[in-house]
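Just below is one structure, and these are the notes that go with it.
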Amino acid sequence: MHERRRVWQCKRCGAQTSVTAGTLMHNTQTPLRLWFWAAYLVATHHPGISAVQLQRQLGIPRHERAWMMLHKLRRAMVAPEREPLGREVEVDEFFLGGYEEGLKGGRARGKKVMCGVAVEVRGRGSGRVRLAILENASGRSLGEFVQATTAPGVVVHTDGWPRYNGLAELGYEHSPMSQSAGHAGEEPYLPRAHRAISNLKAWLHGTHRRASREHLQAYLDEFVFRHNRRGNPHAAFQTLLGLSTRHEPVSYRQIIDEAA
């Protein structure tokens, strides 16, 4: 360790490297103490934390820096090797966005964003969840979402939308249910998927007020991370710190440009 610059130095060639090199905290001007505190607040604060709240909690002078720290941490919430969902899975599509007049039909989007949700069935409860922005409600888009989130051969419960019918050809045991049949029977209609959608909307509105279309996937990733680790927030903090060292560095400008 080079005592003056606080970097690691090779005894043979004299090359120096920072302890944050190659991580999401690469070239950061923010003390690591604040990064760890930010990760702790994000992982353990039950309703989540907004950039405005983080700025106040950490005493960060500029809102942009708090916003950047949150987005970098959100990138670390997706494990590169995470396993696909298994057992039985409920899959549904939904819209995020406010009320718009003049829309007809349940899948008329207007300016809203279509998203997909997949939730593992674990008894009467919910297992892991996955969320992603969808291009549309076509069979190709829905099939790609299921393939990206769910292991082959799994039982996939959906509503009666005909575009799900191609799931059997993709190697899944498709179990469609009409909404009217679901209401008539004892079991609610895709209860775990609908519960996840409701919780997501309440969380977005309550903690963040709104999420721009350009950065929406990052917020979906945060919700997934929080939901899947809701039983042990302190372990979530340790996981988040670990994942932060396994993602490529990204700058504030890159985050803005990628969303443009």
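The values are calculated or read from the model by the stated rules, or taken from the named source; none is laboratory data. Everything quoted here is computed from the prediction, not taken from an experiment. Reconstructed Cβ throughout: ideal geometry from the backbone, glycine too, with neighbour counts over all protein chains shown.
Please enumerate the residues belonging to region 224-238 that are surrounded by 13 or more Cβ atoms within 10 Å (Cβ to Cβ) and under 14 Å from G127 (Cα atoms). The answer is V224, F225, R226, H227, N228, R229.
Taking every residue in region 115-143 that is farther than 16 Å from V156 by Cα and pairing it with any residue that is modelled with pLDDT of 95 or more and of a type in the set (G, A, S), at least 6 positions away or on another chain, the pairs with Cβ-Cβ distances below 6 Å are A132/G116; L134/G116; L134/S141; E135/S141. Within region 94-102, identify whether any single residue is in contact with a helix residue (DSSP H, G or I) (Cβ under 6 Å, 6 or more places away or on another chain) and modelled with pLDDT of 95 or more, and answer yes or no. Yes: region 94-102 contains one or more residues that are in contact with a helix residue (DSSP H, G or I) (Cβ under 6 Å, 6 or more places away or on another chain) and modelled with pLDDT of 95 or more. Go through the residues of region 51-59 one by one and say whether even a single one is surrounded by fewer than 14 Cβ atoms within 10 Å (Cβ to Cβ) and aliphatic (A, V, I, L, M). Checked against the condition, which is being surrounded by fewer than 14 Cβ atoms within 10 Å (Cβ to Cβ) and aliphatic (A, V, I, L, M), region 51-59 yields at least one hit. Just name the residue that is modelled with the lowest pLDDT out of those in region 220-255 that are of a type in the set (G, A, S) and part of a helix (DSSP H, G or I). Residue satisfying both the conditions and the ranking: S244. Applying the set (1) closer than 25 Å to R210 by Cβ; (2) more than 24 Å from the chain's Cα centre (by Cα); (3) among the β-branched types (V, I, T) to T30 leaves exactly one unmet item: (1).
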